[in-house]
Amino acid sequence: MIPYGKQTIEDIDISEVALAVSSDFITQGPRVEKFERELSRYVGCEYGVAVNSGTSALHISCLALGAGKGDYVWTSPMSFIASSNCALYCGSMIDFVDINKFSGLMCVEALEVKLQKAKKKGQLPKIIIPVHFAGQSCDMKRIHELSCEYGFKVIEDACHALGAEYENGNKVGNCQYSDIAVFSFHPVKMITTGEGGMAMTNDKVISTKMNRLRSHGVVKTPNMDPWYYEQIEMGFNYRMTDISASLGISQLTRIDKFVEQRNNIANVYESEIKNTNIEPIKRVSGVKSSYHLYPILTNGSRARRDLYNLFHENNIRVQVHYIPIYKQPYYRRMQFDILPNCEYFYERVLSIPIYPKLKSEEQSFVINTLNKANVANLESVLG
C-alpha cells in the first residue's frame, strides 16, 4: 500500500526519544524550550510556543489576539476544520474568503472585495487566518497591506508549510507579515512530534500570553513563597512533552532535506504526468513550497471519483483535501454563502502520494496508474 503521506522516522529519532524517556523530564522541560529556540532560529522568528497540537496553537493564537464574543474571524474554507473551529472556541463568529480555484490559496482579490463590503456594514474582521495550502504561502505581503488598511490581525495557518519560503526567500513562519504563524507536527507534516504544534511570533506580549494560556492560565508570582502560584485567567492544558519535543528536535535537523526530497518528487510528477485532463495545482511564482501535499485537479467530480477508485484498486491511498468547511453538518446550520472557486476546486482536487521515503519505483507506479486514466481504458475519467 502506498499512502498519500507518512512520517519519516530514523534510528537517530528513536535514540533521541529514548534519551528523553530515560531522563528526569518527560513532561514539559528543557527539551521543549530547546525545540522552541531551534525552530524560532530556523524560521527567523523571535519566539516559539510549543503545544500539544496545531489546533491548540490556533486556539491560543486567537485568544492571544483578543478574539471573543461578537468578533469576526475569517479564514479559508479549503482547509481542515481546525482552521475555523479555533475562532468558534473563542465565541467568535466565523466566515470564509473564497480561494484561487487553481492554487487553493486564499484569493486576495476576493478578500479585498469582502473587506470593502464588511466595512460598509460595520462588520470588519478582528482576525484573518490565511491557510498556506499544500505547502505554498498565500500572498502574505498583500494580506499584510490590507491588514494595515482595515485594521485586522493576521494568524498564518502555516501547518502545511514548515520549510517553505515567501516570495522574498525568507522562511514561512518568521511573521514578517503576520502577528502569529502556526505550525503542526502531525505525522504527515514536514516533521513530526507524534502530535504537536507551535505558534511563532515576534511580539513578546503575545508570546507571554500564549505561554500562560497553554498552562492553565497560571503564573508564578515573584517575591512570594517559592511554592506560590496564581491562576490569573482561564487557560488550558495544551503543553507539549519533552518526549515529543525530543522527536521534534531530531527531525528539525533534517527539515531542509525533507523539503528538498518533497520538491524533487513534485518535479518528477510535473514532468511525467502526461494526461492533459489532469494537472497539478498552480505553482505560485517566486514562492518555494514545502509540498506537504501534491494535489492534482481532475476533469470534474465524476472524473475524480473514478480516478480515486482506480488508485485504490491499485493499492494507492489518495485523499481529497479538503471538503469545504462550510459543507460540514455542524457548519451548514450557520448558512454560509457558497463560494464558487472553492466549489470548483473541491469537485476536482485529489492528493496523490508525496513523502520523503516515497521510492522512485513507487512514484513511477503512481504516475503510470495516473497516465492510464485515458479515453482508451477509463473513458469516464475524461468524460
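The values are calculated or read from the model by the stated rules, or taken from the named source; none is laboratory data. Note that this is a predicted model, so its numbers are computed, not measured. Backbone-built Cβ (ideal geometry, glycine too); neighbour counts: all protein chains shown. Remember, those area values only see protein heavy atoms, side chains included, never the ligands or the DNA or RNA. Shrake-Rupley method; radii C 1.70, N 1.55, O 1.52, S 1.80 Å.
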Every residue in segment 139-149 that is part of a helix (DSSP H, G or I) and open to solvent by 30 Å² or more (accessible area, probe 1.4 Å), please. K141, R142, H144, E145, C148, E149
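Residue-by-condition table, conditions (1) crowded, with 17+ Cβ neighbours inside 10 Å; (2) in contact with a Leu (Cβ under 9 Å, 6 or more places away or on another chain); (3) assigned to a loop (DSSP other than H, G, I, E, B); (4) at pLDDT below 95:
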| residue | (1), (2), (3), (4) |
| --- | --- |
| S137 | yes, yes, yes, no |
| A181 | yes, no, no, no |
| T192 | yes, yes, yes, no |
| S207 | yes, no, no, no |
| W227 | no, no, yes, yes |
| M234 | no, yes, yes, no |
| L247 | yes, no, no, no |
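Out of curiosity, is G169 modelled with pLDDT under 95 and either among the small types (G, A, S) or buried (at least 20 other Cβ atoms within 10 Å of the Cβ) (or both)? Steps first, please.
On the way: modelled with pLDDT under 95: yes; either among the small types (G, A, S) or buried (at least 20 other Cβ atoms within 10 Å of the Cβ) (or both): yes.
When the stated conditions are applied, G169 passes them.
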Could you list all residues from segment 279-296 that are open to solvent by less than 10 Å² (accessible area, probe 1.4 Å) and either free of Cβ contacts under 8 Å to residues at least 12 places away in the same chain or among the hydrophobic types (A, V, I, L, M, F, W, C) (or both)? L293, I296
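What is the residue count in segment 209-225 for residues that are open to solvent by less than 10 Å² (accessible area, probe 1.4 Å) and in contact (Cβ under 8 Å) with a residue 40 or more places away in the chain?
Residues in segment 209-225 being open to solvent by less than 10 Å² (accessible area, probe 1.4 Å) and in contact (Cβ under 8 Å) with a residue 40 or more places away in the chain: 2 in total.
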Restricting attention to segment 249-278, and to residues there that are basic (K, R) and closer than 17 Å to S360 by Cα, which single residue is surrounded by the fewest Cβ atoms within 10 Å (Cβ to Cβ)? K257
Do the conditions hold for M200, that is, is it outside any helix (DSSP H, G or I), within 25 Å of G68 (Cα to Cα), in contact with a Cys (Cβ under 8 Å, 6 or more places away or on another chain) and modelled with pLDDT of 95 or more? yes
Candidate set from segment 110-135 (those that are in a loop (DSSP other than H, G, I, E, B) and not small (G, A, S)); member that is farthest from L88 (Cα to Cα): H132
